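*Asks:* Below you will find the structure I want to go over with you.
The values are calculated or read from the model by the stated rules, or taken from the named source; none is laboratory data. Remember, it's a predicted structure, so these values are computed and weren't measured experimentally. Cβ placement follows ideal geometry from the backbone for every residue including glycine, while neighbour counts extend to all protein chains displayed. These area figures cover heavy atoms from the full protein model, side chains too; ligands, DNA and RNA do not enter into them. Shrake-Rupley method; radii C 1.70, N 1.55, O 1.52, S 1.80 Å.
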Amino acid sequence: MASNEKIPKPVKFLFGGTAGMGATLFVQPLDLLKNRMQLSGADGAARAHKTVFHAGVSVVKQEGIRGLYKGLSAGLARQILYTTTRVGVYTNLFERMSGPDGTPPGFFVKAGCALTAGAIGSFVGTPAEISLIRMTADGSLPPEKRRNYKNVINAFSRIAREEGVLTLWRGCGPTVGRAMVVNIAQLVTYSSVKEKLLGSGYFHDNIFCHFTSSMISGLVTTIASMPVDICKTRIQNMKVVNGVPEYKGAVDVFSKIIRNEGIFALWKGFTPYYARIGPHTVLMFIFLEQLNKGYVRLFVKEK
């Protein structure tokens with residue numbers, strides 16, 4: 001069987017983004033529900049959605065089934081920008097840090113590569129992130145307060161024109177912070193969990209094992225990263241009235257949420273966030289593996 005090492009690096013980057021986009025087609029509704037729940041009850045207002053089921057039913061009743069896929073173009077753009085950049089940076093760093101004979105770097109060096117790649121990728125993907133937050137939140141707002149972006153390109157151009165180019169990177173700090181927390185949590189837990197499962201004798205190295213490992217790892221990742229995620233969501237969705245922003249920064253977001261909504265509000269949207277993170281990872285790797293196999297079968301000649 002031909003090795004994936006024979007696939008050119010630009011094609012690997014392209015496949016990384018494509019695989020992420022394929023997974024997003026399945027989990028976009030969960031992203032929308034998570035964002036709606038995180039924005040519900042802001043500043044002490046009554047919570048519009050108490051559970052993920054209630055949020056889903058409400059969206060379908062008021063906006064139809066298609067309402068669950070609002071912001072899909074921004075979700076796909078996020079994968080193009082974030083995932084492709086992250087895969088590209090990580091691959092290059094990994095190869096640079098490998099030994100002359102191809103010996104892979106140690107755990108901590110790989111962790112550093114992953115953190116750096118995640119941070120750079122999330123910075124590049126922030127414009128798509130802010131567009132996604134706003135497009136998924138729009139349906140929960142009164143008609144006169146909606147932004148009504150037509151698609152992610154329209155969102156980019158209108159944000160730049162109406163609020164300034166730098167607004168496309170609003171909430172960049174929490175976005176990068178969340179990416180680093182997610183990478184740390186996944187690195188620490190996924191391989192350890194997978195090793196324990198395989199050692200139990202009840203699991204084999206297959207999709208079911210990967211899925212189970214992802215879901216257990218995803219639980220830890222969700223608990224660790226959600227406070228940073230809700231901070232990012234609130235900052236990127238806020239409006240500036242007469243030059244005065246709703247929040248002064250991340251610390252202000254945390255203090256207002258805890259004061260007005262309680263400390264557990266930092267984990268609003270827990271269920272859809274957790275339900276998204278495991279399946280998205282598994283689906284992305286399934287799509288990536290199939291793309292790699294297809295390329296090798298069609299374009300790489302066996303010797």
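*Asks:* Can you find a residue that is out of contact with any Ser or Thr (no Cβ under 9 Å at 6 or more places or on another chain) and open to solvent by 50 Å² or more (accessible area, probe 1.4 Å) anywhere in region 265-284?
*Replies:* no
*Asks:* May I pose another question? Tell me which residues, restricted to region 169-188, are open to solvent by less than 20 Å² (accessible area, probe 1.4 Å) and either touching a strand residue (DSSP E or B) at 6+ places or on another chain (Cβ under 6 Å) or closer than 11 Å to T221 by Cα (or both).
*Replies:* A179, N183, A185
*Asks:* Is it fair to say T83 is closer than 18 Å to F287 by Cα, open to solvent by 20 Å² or more (accessible area, probe 1.4 Å) and part of a helix (DSSP H, G or I)?
*Replies:* Criteria not met by T83.
*Asks:* Pull up region 205-243, narrow it to residues that are within 17 Å of W267 (Cβ to Cβ) and small (G, A, S), then point me to the one that is surrounded by the most Cβ atoms within 10 Å (Cβ to Cβ).
*Replies:* The qualifying residue surrounded by the most Cβ atoms within 10 Å (Cβ to Cβ) is G218.
*Asks:* Condition (residue is surrounded by fewer than 19 Cβ atoms within 10 Å (Cβ to Cβ), of a type in the set (A, V, I, L, M, F, W, C) and either at pLDDT 90 or above or assigned to a helix (DSSP H, G or I) (or both)) applied to region 37-52: is it met by at least one residue?
*Replies:* There is no residue in region 37-52 that is surrounded by fewer than 19 Cβ atoms within 10 Å (Cβ to Cβ), of a type in the set (A, V, I, L, M, F, W, C) and either at pLDDT 90 or above or assigned to a helix (DSSP H, G or I) (or both).
*Asks:* Also, quick follow-up: Please find, among L81, L25, the residue that is under 21 Å from T126 (Cβ atoms) and within 19 Å of the chain's Cα centre (by Cα).
*Replies:* L81
*Asks:* What is the number of the single condition among (1) surrounded by 12 or more Cβ atoms within 10 Å (Cβ to Cβ); (2) farther than 18 Å from K34 by Cβ; (3) of a type in the set (S, T, Y) that Y202 does not meet?
*Replies:* (1)
*Asks:* Might you let me know whether region 214-225 holds any residue that is under 20 Å from L132 (Cβ atoms), modelled with pLDDT of 90 or more and either in contact with a Lys or Arg (Cβ under 7 Å, 6 or more places away or on another chain) or of a type in the set (D, E, K, R) (or both)?
*Replies:* Scanning region 214-225, I find at least one residue that is under 20 Å from L132 (Cβ atoms), modelled with pLDDT of 90 or more and either in contact with a Lys or Arg (Cβ under 7 Å, 6 or more places away or on another chain) or of a type in the set (D, E, K, R) (or both), so the answer is yes.
*Asks:* Shifting gears a bit: Can you run down the residue pairs with Cβ atoms below 8 Å, 6 or more apart or on separate chains, where the first is in region 131-149 and within 18 Å of T167 (Cβ to Cβ) and hydrophobic (A, V, I, L, M, F, W, C) and the partner is open to solvent by 50 Å² or more (accessible area, probe 1.4 Å) and in a loop (DSSP other than H, G, I, E, B)?
*Replies:* Pairs that qualify, where the first residue is within 18 Å of T167 (Cβ to Cβ) and hydrophobic (A, V, I, L, M, F, W, C) and the partner is open to solvent by 50 Å² or more (accessible area, probe 1.4 Å) and in a loop (DSSP other than H, G, I, E, B), are M135/K70.
*Asks:* Next question, about the same structure. Taking region 139-167 as the search range and keeping residues that are assigned to a helix (DSSP H, G or I) and surrounded by 19 or more Cβ atoms within 10 Å (Cβ to Cβ), which one is modelled with the lowest pLDDT?
*Replies:* S140
*Asks:* Given the conditions (1) closer than 25 Å to F264 by Cα; (2) touching a Phe, Trp or Tyr at 6+ places or on another chain (Cβ under 6 Å), and given that N183 satisfies all but one, which numbered condition is not satisfied?
*Replies:* (2)
*Asks:* Being part of a helix (DSSP H, G or I) and among the polar types (S, T, N, Q), is that true of even one residue in region 239-250?
*Replies:* no
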